[in-house]
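The values are calculated or read from the model by the stated rules, or taken from the named source; none is laboratory data. Bear in mind the structure is a predicted one, so any value in this text is a computation, not a measurement. Here Cβ is always computed from backbone atoms with ideal geometry, including for glycine, and neighbour counts include all displayed protein chains.
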Amino acid sequence: MCKNIDPTAVIGEGVVIADNVTIHAGTIIGDGVVIADFAVVGRRPKLSPRSTAKKDELPPLIVGPGSYIGSHTVLIAGTTIGERCIIGDNAGVRERCTLGDDVVIGRGVSVENDTTIGSRTKVQTGSYITAYVIIEEDVFVAPMVVTTNDNFMGRTEKRLALMKGCTIRRGARIGGGVHILPGIVIGEEAFIGTGAVVTKNVPDREVWFGVPARRRKEVPAEELLDFKEE
């Protein structure tokens, strides 16, 4: 029944905190949040001296009302999580991230620092969302997707100015096991087939797949978010 809750944490009404949860200083937990066993909430990061992440002082973690934080999940300070989000077991969300409302982060997903994820987006089990990624609203990211942000893999100082994650626009769908190269833009409502390696920008509402991924066809009208039967 052990809980370690810093006295400066702000806990809303109707919050459920399971066994062996740690809530760090200043963390703000909205009304009706559920935090499962062994979660670590609002911890400050420990960075390597060679880390490229910013080392500024961080504001507290904010978890919006009605959200669920899974077992053994780690949420770092400086991040804001919207209302009614679900963060699955063993997931991690690092500092300076922003998650909109109704976001789902699946089991074992890693969301690195300085990433934005729009409302109603789902990131499924085991995916890796690297630092500096932008994912807009209503995006679907299937299991085991890998995003990257560094074409030089740590060997030159030149990489620091060029480091950039991908941008996935509203309503895009990314199939299982897809790899997305640094700086790639995937357009609105685009569809990336399973196992693709995306090396070029993908226009809006196109279907791409293959290694490397190539255009195959348009996304059918009835598959678009705003489609209405006449």
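Can you tell me which residue in region 83-97 is nearest to the chain's Cα centre (by Cα), limited to those that are surrounded by 22 or more Cβ atoms within 10 Å (Cβ to Cβ) and closer than 12 Å to V33 by Cβ?
Filtering first and then ranking leaves I87.
Scan region 132-161 for residues that are at pLDDT below 95 and either assigned to a loop (DSSP other than H, G, I, E, B) or of a type in the set (S, T, Y) (or both) and report the count.
Going through region 132-161 one residue at a time, the tally reaches 8.
Does region 182-192 contain any residue that is closer than 24 Å to V111 by Cα and among the aromatic types (F, W, Y)?
The answer is yes; a qualifying residue exists.
Which residue is surrounded by the most Cβ atoms within 10 Å (Cβ to Cβ), if the candidates are limited to region 170-218 and must be farther than 14 Å from E136 by Cβ and acidic (D, E)?
Among residues in region 170-218 that are farther than 14 Å from E136 by Cβ and acidic (D, E), the one surrounded by the most Cβ atoms within 10 Å (Cβ to Cβ) is E206.
Which condition from (1) assigned to a strand (DSSP E or B); (2) surrounded by fewer than 22 Cβ atoms within 10 Å (Cβ to Cβ) is the one that P65 breaks?
For P65, the failing item is (1).
Working only within region 162-192, note down all residues that are assigned to a loop (DSSP other than H, G, I, E, B) and either more than 17 Å from the chain's Cα centre (by Cα) or among the small types (G, A, S) (or both).
M163, G165, G171, A172, G175, G176, G177, G183, G187, E188, E189, A190
Conditions (1) of a type in the set (D, E, K, R); (2) over 30 Å from T79 (Cα atoms), marked per residue:
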site	(1), (2)
Y132	no, no
E136	yes, no
T147	no, no
R170	yes, no
N201	no, no
G210	no, yes
A221	no, yes
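Could you list, in sequence order, all residues of region 193-212 that are hydrophobic (A, V, I, L, M, F, W, C) and in a loop (DSSP other than H, G, I, E, B)?
A196, V211
Kindly indicate whether S119 is touching a residue at least 40 places away in the same chain (Cβ under 8 Å), of a type in the set (S, T, Y) and not in a strand (DSSP E or B).
no
Among all residue pairs at least 6 apart or on different chains, which show Cβ distances below 9 Å where the first residue, located in region 24-38, is at positive phi and the second is surrounded by fewer than 17 Cβ atoms within 10 Å (Cβ to Cβ) and in a strand (DSSP E or B)?
Partner pairs satisfying both residue conditions: G26/V10; G32/V16.
Test S110 against the criterion of being surrounded by fewer than 20 Cβ atoms within 10 Å (Cβ to Cβ), touching a Gly at 6+ places or on another chain (Cβ under 6 Å) and in contact (Cβ under 8 Å) with a residue 12 or more places away in the chain, and give yes or no.
So S110 fits the description; yes.
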